[in-house]
Amino acid sequence: GTEPSHMHYENDENYFRGYEWWLMKEAKKRNPNIKLIGLPWAFPGWIGKGENWPYDYPDVTAYYIVSWILGAKQYHDLDIDYVGIWNERAFSSKYIKLLRYTLDKRGLEQVRIIASDRLWEPISFVLLIDSELHGVVDVIGAHYPGTKTVKNALLTEKKLWSSEDYSTFNDEVGAGCWARILNQNYVNGNMTSTIAWNLVASYYEELPFGRCGLMTAQEPWSGHYKVEAPIWITAHTTQFTQPGWSYLQVDGHLEGGGSFVALTDGLGNLTIIIETMTHNHSQCIRPPLRHFSVKPQRATFYLKGSFYMVETLQVWHSRLGFQSGNSTLFQQLHPLNVWRGRFSLDLDVDEVYTLTTLKIGQKCVCQEPPPPQPFPSNYRDDFNIRNPPFSEAPNFADQTGVFEYFVNASDPGDHVFTLRQVVVQRPITWVSDADQTISIIGNFQWVNMTVTCDIYIEKQRDGGVFIAGRVDNGGIYVRRTKGVFFWVFADGTYRVTRDLAGEEILMKGLSGVRDNAWHTLTLNIQGSSASGLLNGYPLWENVTVSKPSNGWAALGTRSFEFAQFDNFHIE
């Protein structure tokens with residue numbers, strides 16, 4: 001889906017939109033040492049001055065990014081530690097150098113730069129031949145590196161990160177994927193950071209990449225959530241190390257398959273993490289995983305140097321139970337005695353062990369979350385909220401465009417508080433956004449439904465809005481979204497289409513709708529038939545609808561244009 005920018009327009013700045021400020025502050029409350037990274041995926045259209053490219057005016061782009069970092073500090077007291085260039089898209093050396101210059105000029109010398117959040121090349125090669133660029137890039141970040149790096153990346157002597165990884169369905173196999181790459185990204189590829197996309201699966205599950213988060217919290221209406229296995233795999237590393245600890249440069253391949261890493265704080269503490277994930281139980285979504293074998297084994301470890309004096313290690317254990325179906329997740333076992341710097345451990349397959357000198361670590365015994373419930377089958381929102389905690393209405397999931405709470409100061413009273421689509425220029429896109437704006441809501445399994453909404457077209461002549469049902473897609477596939485779409489346009493016409501693009505027309509005619517006036521649309525879908533009402537009176541009926549057979553409700557606009565919605569109701 002889409003997220004709101006801090007600068008929708010050139011003369012616009014607002015550091016209270018969306019959920020990310022809240023998320024960062026909540027994270028810092030739990031761990032003040034947590035690192036914060038900003039990475040643009042898309043940019044507002046004004047930055048490109050009409051072109052779908054952020055580097056033609058690098059000073060404008062740098063200003064936009066640095067404004068966000070300054071706003072984080074000024075309005076939320078958040079220190080952004082790292083900033084990226086453009087997610088999985090081209091980089092510009094000129095822009096990166098200008099970004100560093102702009103950061104320094106605004107007193108942000110401590111903010112480090114990651115490049116280029118794509119592949120190891122060409123960024124590594126360019127760093128080797130451009131000494132000025134080498135001086136301003138602090139970290140090479142690659143996405144889904146498959147635990148491998150390349151020679152040029154090593155030659156730069158930069159920190160190497162897997163700056164986006166995982167992206168896998170969060171069942172036991174997802175946990176196995178995560179356990180394997182958390183270790184092997186360092187063991188095979190010298191990467192000292194691995195970042196999971198995404199943190200929490202808090203979006204409708206039938207959207208692309210459903211449940212590809214470390215845990216699941218996709219029912220805000222019920223409060224239900226699930227702490228999935230990947231969370232406890234994470235804990236094996238993150239509860240017993242911190243940013244700033246160092247990996248010991250040992251060969252971490254185990255003889256019988258699997259891997260281990262060892263880290264120290266430089267103050268005498270030692271943490272060892274072992275994983276023995278098998279091939280079929282640790283496949284990530286990408287890249288393809290070449291076959292390998294792991295077998296039960298006895299591993300003997302030797303502690304030397306300052307670690308020779310260690311006498312006991314605390315032990316934490318997980319076993320992913322694929323055959324049995326019951327996993328052991330993050331259990332504390334009896335401490336392990338180390339005798340003259342050596343100890344042995346019997347390892348089965350699909351296990352994770354943490355051995356550490358730290359006497360911390362906890363598996364919270366939290367309250368049971370509320371039970372899961374489907375989205376309410378009778379749902380309404382009049383958007384009448386004076387001081388909303390967030391800029392966007394709950395449960396609406398914007399897929400192109402941004403729909404925000406809006407106060408109509410000039411309205412006589414019926415429509416003072418509304419929901420307004422506010423993106424009026426096509427963004428510099430990361431993937432192919434639709435040419436229309438759309439926000440989805442509800443239950444993907446819905447078949448029969450009545451959607452009612454007051455609408456207000458602001459764009460004269462060729463403006464238009466829709467309400468829809470049985471909407472079947474979004475995210476990176478939003479351009480091919482199908483459903484039943486009821487459109488009205490500022491020129492007084494209406495249409496019923498089978499697709500968001502508006503190309504498969506089922507019915508059209510005159511409606512008498514005009515811009516800058518409120519109208520009420522009702523869409524009724526029952527079985528294979530749909531009908532539409534305007535201001536409570538039938539406008540069209542008996543339109544045959546076949547596919548899709550189910551889906552969400554939605555609302556949106558014909559183009560990137562201002563429009564308002566009020567008194568939304570779905571049954």
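Only one of the numbered conditions (1) closer than 26 Å to Ser549 by Cβ; (2) assigned to a loop (DSSP other than H, G, I, E, B); (3) of a type outside the set (Gly, Ala, Ser) is not met by Gln425, and that is (1).
Among the residues making up the range 272-288, those that are more than 18 Å from Asp251 (Cβ to Cβ) and of a type outside the set (A, V, I, L, M, F, W, C) are Thr278, His279, Asn280, His281, Ser282, Gln283, Arg286, Pro287, Pro288. Being out of contact with any Ser or Thr (no Cβ under 8 Å at 6 or more places or on another chain) and either among the polar types (S, T, N, Q) or under 24 Å from Glu404 (Cβ atoms) (or both) is a description that applies to Trp68. Considering the conditions (1) over 25 Å from Leu289 (Cα atoms); (2) among the acidic types (Asp, Glu); (3) surrounded by 15 or more Cβ atoms within 10 Å (Cβ to Cβ), Glu132 is excluded by exactly one of them, (3).
Checking each residue in the range 491-508 for being surrounded by fewer than 22 Cβ atoms within 10 Å (Cβ to Cβ), assigned to a loop (DSSP other than H, G, I, E, B), in contact (Cβ under 8 Å) with a residue 24 or more places away in the chain and not acidic (Asp, Glu) picks out Ala501, Gly502.
Taking the range 365-396 as the range and being on the phi < 0 side of the Ramachandran plot, open to solvent by less than 70 Å² (accessible area, probe 1.4 Å), among the hydrophobic types (A, V, I, L, M, F, W, C) and out of contact with any Gly (no Cβ under 8 Å at 6 or more places or on another chain) as the test, the residues that pass are Ile385, Ala393, Phe396. Of the listed requirements (1) touching a helix residue (DSSP H, G or I) at 6+ places or on another chain (Cβ under 9 Å); (2) open to solvent by 90 Å² or more (accessible area, probe 1.4 Å), Val352 misses just one: (2).
Which one is farthest from Asn11 (Cα to Cα), of the residues in the range 68-121 that are in a helix (DSSP H, G or I) and open to solvent by less than 10 Å² (accessible area, probe 1.4 Å)?
Applying the first criterion (in a helix (DSSP H, G or I)) to the range 68-121 yields 68-76, 93-105.
Still in the list and also open to solvent by less than 10 Å² (accessible area, probe 1.4 Å): 69, 71-72, 95-96, 99, 103.
Details: Ile69: 17, Gly71: 15, Ala72: 18, Tyr95: 22, Ile96: 24, Leu99: 21, Leu103: 21 Å.
Only one residue tops the list, namely Ile96.
Only residues that are within 23 Å of the chain's Cα centre (by Cα), of a type in the set (A, V, I, L, M, F, W, C) and open to solvent by 30 Å² or more (accessible area, probe 1.4 Å) were counted in the range 141-181, giving 2.
Filtered by the rule that a residue be crowded, with 24+ Cβ neighbours inside 10 Å and either of a type in the set (Gly, Ala, Ser) or without any contact (Cβ under 8 Å) to a residue 24 or more places away in the chain (or both), the range 448-472 gives Gly464, Ala468, Gly469. Answer with yes or no whether Asn52 is touching a residue at least 60 places away in the same chain (Cβ under 8 Å) and of a type in the set (S, T, N, Q). Against the criterion (touching a residue at least 60 places away in the same chain (Cβ under 8 Å) and of a type in the set (S, T, N, Q)), Asn52 qualifies. Selection of the range 345-363 for residues being assigned to a loop (DSSP other than H, G, I, E, B) and out of contact with any Pro (no Cβ under 8 Å at 6 or more places or on another chain) yields Asp350, Thr357, Leu358, Lys359, Ile360, Gly361, Gln362, Lys363. Pairs meeting the criteria (first residue in the range 538-551 and assigned by the TED database to the domain that holds Asn473 and over 10 Å from Lys482 (Cβ atoms), second residue of a type in the set (Phe, Trp, Tyr) and surrounded by 11 or more Cβ atoms within 10 Å (Cβ to Cβ), beta carbons under 7 Å, at least 6 apart or on different chains) are Leu539/Tyr494; Asn550/Phe444; Asn550/Trp446. Within the range 402-429, being open to solvent by 20 Å² or more (accessible area, probe 1.4 Å), out of contact with any strand residue (DSSP E or B) (no Cβ under 8 Å at 6 or more places or on another chain) and modelled with pLDDT of 95 or more holds for Val424, Gln425, Arg426. In summary, Gln218 fulfils each of the numbered conditions (1) out of contact with any Asp or Glu (no Cβ under 7 Å at 6 or more places or on another chain); (2) open to solvent by 30 Å² or more (accessible area, probe 1.4 Å) with the single exception of condition (1). Evaluating Ser546 against the criteria (1) more than 30 Å from Pro412 (Cα to Cα); (2) assigned to a loop (DSSP other than H, G, I, E, B); (3) modelled with pLDDT of 95 or more; (4) open to solvent by 40 Å² or more (accessible area, probe 1.4 Å) leaves one unmet condition, (3).
The values are calculated or read from the model by the stated rules, or taken from the named source; none is laboratory data. The shown structure was predicted, so the numbers you read here are calculated from the model rather than taken from an experiment. Note that we place each Cβ from the backbone using ideal geometry, even for glycine, and neighbour counts take in every protein chain shown. The protein model used for the area step is the full one, side chains on, heavy atoms only, and it has no ligands, DNA or RNA in it. Shrake-Rupley method; radii C 1.70, N 1.55, O 1.52, S 1.80 Å.
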